[in-house]
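Below is one structure, written out as structure tokens; the observations come after it.
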Amino acid sequence: MKSLVKWILTGCVFLLATPLYAQDFEDFVRKYTGANGSSYMQPLADAFGANLNSGLYHNAYIRKQGFQLYLGVAAMNAAIPDKSRTFQGTTEGAFTPQQTVKVPTIFGNSELVSVEGEGGTTYVFPGGLDMNNLPLAVPNLTVGSLFGTDATLRWAAYDIGEDVGKVELLGWGIRHSLDQYVPLGPLHLAAGFYVQQFTVGDIVDARGWIATLQGSYQWHLLTFYGGLGYENSTLDIQYVFEEDDTEITFDLTGANSIRATLGLTLNLGPLKIHSDYSLASQSLLTLGVGLGINELEKIID
């Protein structure tokens, strides 16, 4: 399981090159087997789940019939708020007296926090990765259109080795044009539903889905777009604690449920450069680049 956190936080071979501490995953959670562990890892579930459900669209225009294609990569960055860098940790086991103190989450300060107990004993809470941002980047392929419907696919896989196993991202989605039924002039509307899964060997299983209402408006070289989404994400971690062969599991749910997104696409012929910001419990910024064919309603002068 060496360097597992590094691979989780950078995601897969398409991820941004972010230097992280190359420490064993167990080093971050070996003190935690209960409520402390869930609180320690929760910010990872929040940020990773938000990233997973992002970068899925950059306009809402879908042809009623005819070939339409987009192939690109989207890079997401979830900023880690101060509230997600600490939690109230409680001493566990036979340590007395029981104490509750502010300690780092997985994104918090890297310094250990220790408290003194009876008989000269010391209880140590582990530090975190001291990170302010969680980046993730994934490839996107969107193909359409049939009766105003297109489909999106995300896939990436990489075998890290026997210590960690195979890292794999698989996602799919479907989107349908709404303005084909009620023309809204230059405004386009679409509804979409997307499902994602990210696994690291047999240790990490992250899943997410999001239902969106998307809108866009094309003006010369620019496309203004945005949307509302209802989403859910989970992060399940399972491993064997080597010291006593105890199976440790953390089943976490991401904080986001509703998000609002606002973005802008620059259309340079087939080259598309787009960026958006999503406001939610875990907000984040997305930047994407790719090649698009027949994505504009009309030829730009």
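In the set (1) more than 26 Å from the chain's Cα centre (by Cα); (2) on the phi < 0 side of the Ramachandran plot; (3) in contact (Cβ under 8 Å) with a residue 24 or more places away in the chain; (4) open to solvent by 40 Å² or more (accessible area, probe 1.4 Å), the condition left unmet by F147 is number (2). The single condition among (1) modelled with pLDDT of 80 or more; (2) over 18 Å from the mean Cα position of the chain (by Cα); (3) farther than 15 Å from N140 by Cα that I174 does not satisfy is (3). Within the range 50-60, identify whether any single residue is surrounded by fewer than 22 Cβ atoms within 10 Å (Cβ to Cβ), in a loop (DSSP other than H, G, I, E, B) and in contact with a Ser or Thr (Cβ under 6 Å, 6 or more places away or on another chain), and answer yes or no. Looking through the range 50-60, none of the residues is surrounded by fewer than 22 Cβ atoms within 10 Å (Cβ to Cβ), in a loop (DSSP other than H, G, I, E, B) and in contact with a Ser or Thr (Cβ under 6 Å, 6 or more places away or on another chain).
Scanning the range 255-301 for residues that are open to solvent by less than 70 Å² (accessible area, probe 1.4 Å), of a type in the set (A, V, I, L, M, F, W, C) and free of Cβ contacts under 8 Å to residues at least 40 places away in the same chain returns A260, L271, I273.
Restricted to the range 218-301, the set of strands (runs of 3 or more DSSP E) holding at least 3 residues that are touching a helix residue (DSSP H, G or I) at 6+ places or on another chain (Cβ under 8 Å) comprises 222-241, 246-253. Consider the range 64-107 and keep the residues that are in contact with a Pro (Cβ under 6 Å, 6 or more places away or on another chain) and assigned to a loop (DSSP other than H, G, I, E, B). The one that is nearest to G292 (Cα to Cα) is F107. Among the residues here, T246 does not qualify as within 26 Å of the chain's Cα centre (by Cα) and not hydrophobic (A, V, I, L, M, F, W, C).
How about the range 168-208: which of its residues are assigned to a strand (DSSP E or B), under 30 Å from G66 (Cα atoms) and among the β-branched types (V, I, T)? Listed by number, the residues that qualify are I174, V195.
The values are calculated or read from the model by the stated rules, or taken from the named source; none is laboratory data. Since we're looking at a predicted model, the values are computed, not measured. Heads up, the Cβs are rebuilt from the backbone with ideal geometry, glycines too, and the neighbour counts pull from every protein chain shown. SASA here: full protein model, heavy atoms, side chains in, ligands and nucleic acids out. Shrake-Rupley method; radii C 1.70, N 1.55, O 1.52, S 1.80 Å.
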